[in-house]
Structures are given as structure tokens and as C-alpha cells.
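Only one structure is covered here, and it is reproduced in the block below.
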Amino acid sequence: MGTAYNPLHTPYPLFLLGFGVITVYIPGIIGASISTGWLFLLIVIPILFLYCDEIQFKFGFAFICYAVVSLTWTKILNIAWFHLSQLIVLACIFCIGQNIKDLKPIFKSLATGLGVSACLAIAQKFGFNEVYTLNKATAGLFINPNIFSEISAIILVSLIVLKLWWWIPVTIPGLLLVQSRSAYLALTVGLFIGVWRYNRYLAMSVVILVWLFGSYFYWGKFSLCS
């Protein structure tokens, strides 16, 4: 008897998952500042969750139960339902991650999808405004430029950890063109933790380098009101 097919153990479904969630673009369906990647996840993730062989989520499940109960005293139910669905999707993703044998196909697909936004962001910087973004900002397919920059930082750290060096250039436009402070902070912390186990001095050097880099862009622009 052959082994049952499991999409979590093969690279192509995982590649399509990563590429899909980062390129799905339907402005106005969920909200002007929220990527419709969430809508894609709400459809696809529960299906992949059914293929999980191992589920370790005791404390998380207790929190999800509390979040469901909290709907009884929530006044704005439409927003509450959406955030609850996000928590459930993230819980399912956590369990799916436990069952994936190789993370590289996921991050290769995320990098490929991010590359689409990176090319589009460069075009937006030069006046291409055919794709809707908040205030015509440089955001690729993410509508919100901060989301574009933050995702670029997260994927950059992941590519470095997984040693997928050739994919790194697609993360640069989101960091240079948007210059999100939260993205630089995430990049600093992520690189520090990732590099610390190999070389402590190099980890400290990375922190200083990113700090100087961010300071260069924000010199004279920083405001406590922002």
C-alpha cells in the first residue's frame, strides 16, 4: 500500500502557498490598509491544517477558546470576528509549521512573491500609480508601505538563517524605499539573534551597522509625534 499524499511534505504546494499569500491583491475587499492575503489564508490554511499529523497547541488552544468567549462582551462584532479568524489562522499555521519537513520552499516562494512587489515598488517610486496604495505610497502589492517594509525585513532574516543568499536582493527595495522604523527594529533584533550563536562580535557589529543605517535616513526627520 502506497503512502497517502500529504501536501505538507512536498515542495510545490508549499511554494504555491507562499507565492499566493504574498501576491494576492484585491484592494477594498477587506480594508484599505489590510492585505487580502488574509482572505487567501482563511481559505487555504484550514484545508492544509487537515493534513497535520502532529498538533501541539495546548496553551494556544486555551487562548483561542478565551478569544471565542470574549465575543460575548465585544461591542463591534464584525471587527472582532475578523481578528478572531486571524488568530485561528495563525494557530493553524503554527501547527502546519510543525509538520513541514523543509522550510526552504516556503521562503523561496515568499521571496519570489516579494520580488513582484519589489519591482512594482521601484516603478511606483518613479510615478507608476496604476496599483492602488495608501496615499500613492511605495508599497508594491501590500497597499500599506509599512507592511511591505516589515515583511521585507522578516523575509530577509529568514533567508539569511536558511542560507538562501541568492534571494536576498528582493528584500532590499522594501527596506530602502519605505524606511519603516519597525522594520529596521525587527531586522536588528532578528539579525542579532540569528548571528549571535555564530559570532557575538559580528552580532554586535550588525546591530551597530543597522542602527547607523537607520539613523542616516532619519536624521532630522524623527518626531515623537509620529
Between GLN86 and ARG181, how high is the FRET efficiency from 1/(1 + (r/R0)^6) when r is the Cβ-Cβ distance and R₀ = 30 Å? Nearest 0.05.
0.80
For the pair ASN199 and LYS101, how long in nm is the line joining their label points, each one 7 Å along Cα→Cβ?
3.4
Average accessible surface area per residue within the chain, 1.4 Å rolling probe, Å²
62
Among ALA67, ALA118, ALA183, determine the one that fluctuates most according to a GNM of the chain built with springs between C-alpha atoms less than 10 Å apart.
ALA67
Assuming R0 = 22 Å, what is the FRET efficiency of LEU77 and ILE43, from their Cβ-Cβ distance, to the nearest 0.05?
0.55
Placing +1 on each Lys and Arg Cβ and -1 on each Asp and Glu Cβ in the chain, then taking the dipole about the Cα centre, the residue among ILE151, LEU39, LEU17 whose Cα reaches farthest towards the positive end is ILE151
The extension gain from PHE94 to LEU162, computed as 0.36 nm times the residue separation minus the Cα-Cα distance, is 22.6 nm
Once the dipole of the chain is set up from charges on Cβ (+1 Lys and Arg, -1 Asp and Glu), the residue from the list ALA67, PHE192, VAL170 lying farthest towards its positive end is PHE192
For the chain, with all protein chains present and a 1.4 Å probe, just round the carbon and sulfur fraction of the accessible area to a whole percent.
71
So, with +1 on the Cβ of K and R and -1 on the Cβ of D and E, and no other charges, what is the size of the charge dipole of the chain about its Cα centre, to the nearest 20 debye?
440
Please give the charge dipole size of region 1-110, origin at the Cα centre, charges +1 on K and R Cβ atoms and -1 on D and E Cβ atoms. Round to the nearest 20 debye.
160
Compute the long axis of helix 200-218 from its Cα atoms, compare it with the longest principal axis of the Cα atoms of the chain, and write down the angle in degrees, 0 to 90, nearest 10.
70
Once the Cα atoms of helix 37-49 and of the chain are each reduced to a long axis, what angle between those two axes, in degrees from 0 to 90 to the nearest 10, is obtained?
40
How many nm is it between the label spots at GLU130 and LEU50, if each spot is 7 Å from the Cα in line with the beta carbon?
3.9
For region 1-158, what's the radius of gyration and Dmax over Cα atoms, in angstrom?
17.5, 59
Can you flag which of LYS101/LYS136; LYS136/LYS163; LYS58/LYS101 are past 31 Å Cα-Cα?
LYS101/LYS136; LYS136/LYS163
Rounded if a/c under 1.5, otherwise prolate or oblate - region 120-220, Cα gyration tensor axes:
prolate
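The values are calculated or read from the model by the stated rules, or taken from the named source; none is laboratory data. Everything numeric in this text was worked out from a predicted model, so none of it was measured. So basically every Cβ, Gly included, is an ideal-geometry build from the backbone, and we count neighbours across all protein chains shown. Note: areas computed on protein heavy atoms with side chains; ligands, DNA, RNA excluded. Shrake-Rupley method; radii C 1.70, N 1.55, O 1.52, S 1.80 Å.
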